[in-house]
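Student: Dumping the structure here so I can ask a few things about it.
Any read-out appearing in this document is the output of simple, stated calculations on the displayed coordinates, not a laboratory observation. Bear in mind that the values here come from a model prediction, so they are computed numbers and not experimental data. Here the Cβ positions follow ideal geometry from the backbone for every residue, glycine too, while neighbour counts run over all protein chains shown.
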Amino acid sequence: MSETQIEAHLLPILICPDPKLRKVARPVTPGDTEEVRELISDMFATMYKAPGIGLAAPQVGRLLRVITVDVAPKDVPAPLALINPEIIAKSEETAVQQEGCLSIPDQYADVVRPARVKVRYLDENWVKQEIEAEGLLAACLQHEIDHLNGVLFVDYLTPLKRNILLRKLAKAQKDMQAKR
Ligand code: K1U
Ligand code: ZN
């Protein structure tokens, strides 16, 4: 293995209602460089294995403002790591996207969000970047940035839909524990 390659580890994904999922993550600083390099590598490995199209550091128990995203088809990977991402513009127009969450396994719901967003972030080399997104990428970026603020997609549902979904999750988790 060359010096620049890092051995990636699969990280356990926290499941709702883990209280860490409701915390606000802190911005990354230059002092975090080494830790964040390793974290990003582990997050990509964990996201692809799950499988998922996004992952936020709090989902793996790290309260740092880091997300990974890849909404491209499996055969053409387009990995994107975003450090300290910020939504700097969003459209008035909204779009509905069916969302899932690796921290709320096997539960899906339609979520209404701004259709297009512009996000400013630092890339893996700490270079300032901006990305304009629509469609699934826009929904995924907003979903992951929400995780950095302790917000989950179920928060956008009506209380009735949210309760039904979270009860289903609790039952599925209980059944799984019983089988172990
Ligand atoms: O943050 C997460 O929990 C990951 C989540 C991201 C997301 C999904 C859908 C809309 C917005 C954000 C997931 O990746 S859930 C799994 C999923 O959607 C998927 C898994 C395999 C192939 C395709 C999609
Ligand atoms: Zn999620």
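Student: Provide, for the chain, the number of lysine pairs with alpha carbons under 16 Å apart, each pair being eight or more places apart or on different chains.
Tutor: Within the chain, the lysine pair count is 5.
Student: Which whole-Hz ³J(HN,Hα) couplings does region 140-145 yield from phi under the Karplus relation 6.51 cos²θ - 1.76 cosθ + 1.60, θ = phi - 60°, glycine and proline marked x?
Tutor: 5, 4, 5, 4, 6, 5
Student: Taking 0.36 nm per residue of sequence separation and subtracting the Cα-Cα distance, how much length would be gained by fully extending the chain between residue 34 and residue 76, in nm to one decimal?
Tutor: Gain on extension, residue 34 to residue 76, equals 12.3 nm.
Student: Sort 69, 28 so the one with the fewest other Cβ atoms within 10 Å of its own Cβ comes first.
Tutor: Least crowded to most crowded, the residues run 28, 69.
Student: If we restrict to alpha carbons, what Rg and Dmax does region 1-97 come to, in Å?
Tutor: Expressed in Å, the Cα Rg and Dmax of region 1-97 come to 14.6, 48.
Student: Just want the ordering: 143, 9, from fewest to most Cβ atoms lying within 10 Å of their own Cβ.
Tutor: Placing the least packed residue first, the sequence is 9, 143.
Student: Label the chain by shape, choosing from rounded, prolate and oblate, from the square roots a ≥ b ≥ c of the eigenvalues of the Cα gyration tensor; if a/c is under 1.5 it is rounded, and otherwise prolate applies when a/b is larger than b/c, oblate when it is not.
Tutor: Oblate, because a/c is 1.5 or more while a/b does not exceed b/c.
Student: Per residue of region 106-121, what does 6.51 cos²θ - 1.76 cosθ + 1.60 with θ = phi - 60° give for ³J(HN,Hα)? Whole Hz please, x for Gly and Pro, Karplus curve as stated.
Tutor: Using θ = phi - 60°, the values come out as 6, 10, 10, 7, 6, 10, 9, 9, x, 5, 10, 9, 10, 10, 9, 7 Hz.
Student: If each residue's Cβ is checked for other Cβ atoms within 10 Å, how do 41, 103, 91 rank with the fewest at the top?
Tutor: Placing the least packed residue first, the sequence is 91, 41, 103.
Student: Once amide H atoms are placed 1.01 Å from N in the peptide plane, what residues at a sequence separation of 5 or more from residue 150, or on another chain, have their amide H within under 5 Å of its amide H?
Tutor: Here 25 satisfy the definition.
Student: Need the C-alpha centroid separation for region 46-74 versus region 7-32, integer Å.
Tutor: Rounded to whole Å, the Cα centres lie 10 Å apart.
Student: Hey, another quick one. Given points 7 Å out from each Cα along the Cα-Cβ axis, report the residue 89 to residue 172 separation in nanometres with one decimal.
Tutor: Spacing of the two 7 Å Cα→Cβ label points: 3.8 nm.
Student: Looking at the chain as a GNM with Cα springs under 10 Å, which of 167, 116, 22 has the largest mean-square fluctuation?
Tutor: Top of the fluctuation ranking is 167.
Student: Let me ask something else about it. For region 151-157, just list the computed ³J(HN,Hα) in residue order, Karplus coefficients 6.51, -1.76 and 1.60, θ = phi - 60°, integers in Hz, with x standing in for Gly and Pro.
Tutor: 9, 10, 4, 5, 5, 8, 8
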